Amino acid sequence: MPTNLTDKLRTLAANLFWTWHPEIIGVFRDLDPELWRQVNFSPVAFLRALPADEIDRRSLILNLESRINFAYHRQVEYLRAEHTWARYHAGPLNVRPVAYFSAEFGIHESLPIYSGGLGVLSGDHLKSASDLGVPLVGVGLLYHQGYFRQTLTADGWQQEEYGFMPIDDLPLQPALDEKGRVVEVSIDLPTGRLGARVWRAEIGRATLLLLDSDVSSNSAQDRELTARLYGGDRRIRIRQELILGFGGLRALRACGFDPGCYHLNEGHSAFVTLERVRERVENDGYSFDDACRDVALHTVFTTHTPVEAGHDRFAPDLFDEHLGWLRDRLGVSREQLLGLGRVNPGDPGEPFCMTVAALRLSRSANAVSALHGHVSRRMWNRLWPNRDERLVPIGHVTNGVHIASWLSPSMAKVYERHVGDRWIHRLCHRDAWEGIAKTRDLELWEAHLYEKHKLVEFVRQRLAAQEARRAPHDPSAPAKAARLLSRNALTIGFARRYATYKRATLLFRDLDRLARLLGDKARPVQIIYAGKAHPQDDGGKRLIQHIVQLSRDPRFHGKVVFVEDYDLGVGRHLVQGVDVWLNNPVKPLEACGTSGMKVTLNGGLNLSILDGWWAEAYDGANGFAIGAGDVHAKAEVQEERDANSLYEVLEKTIVPMYFKRNVEDVAVDWVARMKNAITSMAWRFNSDRMVMDYMLQCYLPACGGLSTQMK
Ligand SMILES: *Cc1c(COP(=O)(O)O)cnc(C)c1O
């Protein structure tokens, strides 16, 4: 039991529980706001930089002692809680955890081992599992250089910078085995044996194991293998996935975990099934077929995208080079092993697809929204050619977001007052949210405006810093940047990965029409863009460049801005402050989309194509739709229609509604929609509901807790 303040702060810093508990963040921030920013909001780095006696001194002056004690005791209470949801619903999984494999985890911006929605979803999954008390251990990779930091050149071209994360600044401990020894696992590569360290992070009650190839016994090349997320070629990619799958299982075993079920979050981790097949064959004497069946019984797979490039495929030669050794160990032919990852096992030219392997070696697979379920069943019907599309064994669990991680302080207060002070425990109860409908319009509106003004201030500061970096010799540049944007304009946000199918520049199809929309003095509109393009995606980079160029056009200057280096922190500011969140992907390529859910919680309204989650969430009065949901066979025609519909709904519905005010200057019709949005969606599109669905529909059946229909 720590008794002094520094030790209590260390305990708080060591568990990523702090990332969704503002009372802890507040303590670190108030101890030294400047240092807190400098260390990029990492409590571990913060405590390394601030000596204990200085902490004591400041705590005294700033009267922080009782706040630190309060935060500390709350964490202790949380970690010890007995009456969790899982205690009553997780059955056998209370003693054998769920192993959750993912190539990315987005828990906080100070641990940049995520690139986008997939990673953020994994992070939210861990946090909700923790809140619900579901014993769950995540398995991923520690990327020392993380995902890249984005800057733009003067002409708007994306530059990727890879920093280096000092381990000592991260909330990680070396994982230990049951005898207290540091765990190191190894896997066989064509170049020899590769060692990997295993780091352990605590996310509330959940655990995350991260594998790291940067160990001294490895060759210089191998040490770099896990340096970057999505930064290498196919050979690096397959090796990363071997570390994740084979190394990940060995790490679980070495740390003493005996999972009751395995969840593959996307196909990247599908090799874990091969390692488990090997265990069954070599240790337990199973035949190959029996081993495959047994492994599938305990495996759950989530597919995340209908975009072909999102499905990892490895050429047969590359696969052989890395997994040829496994054939003899399993007693199978080349065709049998490769066949696990092929649609047509006998086709010698077909690559090994990780999604196909995951589908074949799992008991149940799911897509991430109802619509994506349909799309995935059609897409993978070829694996079950004799079945009707409707009987392809892929269901869906719609994604959700971790509310406490995404909610603004102002809206949290509104929820406390009107949903009740135990609102956080009643998220998934539809009735609990009825209080929002009765909230006074002015109260909700002002809570939103407060956060919106904070957003405008945040963006101005970021733009000023961007200008200062690009034009260090122009002393007026930062001041100019600080005058961009308006506090009163209808503020639209668009931030996500710049994959081309997301059509970041759809709104630019008719520039005159856009100029009229943004340039109306009585009813001003502005758009804040952010997002990274994949390092190898020049198409995505051109979209960013296009936005930057337009932001300099006199008609759009100060009304169209691009915030560099989108990450969880930038995302949080945006979703908490925007009026409207724009999403206009090519239907049906957005499997789910989660950023719009974060906006809903905070009182923003979605304006979206009826794709992914929005196709099941939109009810006509809880946001806005672009188009009616139909898809034209010709992409060009579809784009023209979508753009037209987008302009129309902005001109005819959104702008007039936003600027129609009552005597208190409240946009009453708008607020009515905000209320509809929260009451109709908050209870469904959160990650507690998602994890409960996974538990009841997937995990329990997979650990033998319930019987369910099999493939
Ligand atoms: C939520 C989130 C995403 C996912 O957004 P989509 O709309 O689903 O693409 C991506 N990146 C970050 C940083 C996020 O917070």
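The numbers here are math on the coordinates, done by the rules we state, and not lab data. Everything numeric in this text was worked out from a predicted model, so none of it was measured. Cβ coordinates were reconstructed from backbone atoms using ideal geometry, including for glycine residues, and neighbour counts include every protein chain displayed.
Numbers at a glance
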{"quantity": "Residue order, fewest to most surrounding Cβ atoms within 10 angstrom, among Thr303, Thr191, Thr600", "calculated": "Thr191, Thr600, Thr303"}
{"quantity": "Contact order normalised by residue count of the chain, Cα under 8 Å, 6+ apart, percent", "calculated": "13"}
{"quantity": "Gyration tensor over alpha-carbon atoms, the chain, equivalent ellipsoid semi-axes in Å", "calculated": "40, 31, 26"}
{"quantity": "Calculated FRET efficiency for the pair His429/Asp538, C-beta based, R₀ 41 Å, to 0.05", "calculated": "0.30"}
{"quantity": "Cα-based Kirkwood hydrodynamic radius, the stretch 5-80, one decimal, Å", "calculated": "12.2"}
{"quantity": "Alpha carbon centroid spacing (whole Å) that separates the stretch 497-546 from the stretch 294-366", "calculated": "38"}
{"quantity": "Charge tally in the Cβ shell below 10 Å around Glu389, where Lys, Arg are +1 and Asp, Glu are -1, Glu389 excluded", "calculated": "+3"}
{"quantity": "Long-range amide H partners of Asp520 with built H, under 5 Å", "calculated": "Val525"}
{"quantity": "Label point distance in nm, Asp7-Val182, each placed 7 Å from Cα along Cα→Cβ", "calculated": "2.5"}
{"quantity": "Distance violations [Cα-Cα > 20 Å] among Lys521/Lys598; Lys438/Lys652; Lys438/Lys675; Lys452/Lys532; Lys8/Lys179", "calculated": "Lys521/Lys598; Lys438/Lys652; Lys452/Lys532; Lys8/Lys179"}
{"quantity": "Square roots of 5 times each gyration tensor eigenvalue, C-alpha, the stretch 225-366, largest first, Å", "calculated": "21, 18, 16"}
{"quantity": "Gained length - Val76 relative to Asp669, 0.36 nm times residue gap less alpha-carbon distance", "calculated": "209.0 nm"}
{"quantity": "Residues whose placed amide H lies under 5 Å from that of Asn366, excluding near-sequence neighbours", "calculated": "Phe301, Thr302, Thr303, Gly395"}
{"quantity": "log10 of Debye I(q)/I(0), alpha-carbon scatterers only, for the stretch 407-685 at 0.12 Å⁻¹", "calculated": "-0.74"}
{"quantity": "Which of Cys592, Cys698 has the fewest Cβ neighbours within 10 Å, and the rest in rising order", "calculated": "Cys698, Cys592"}
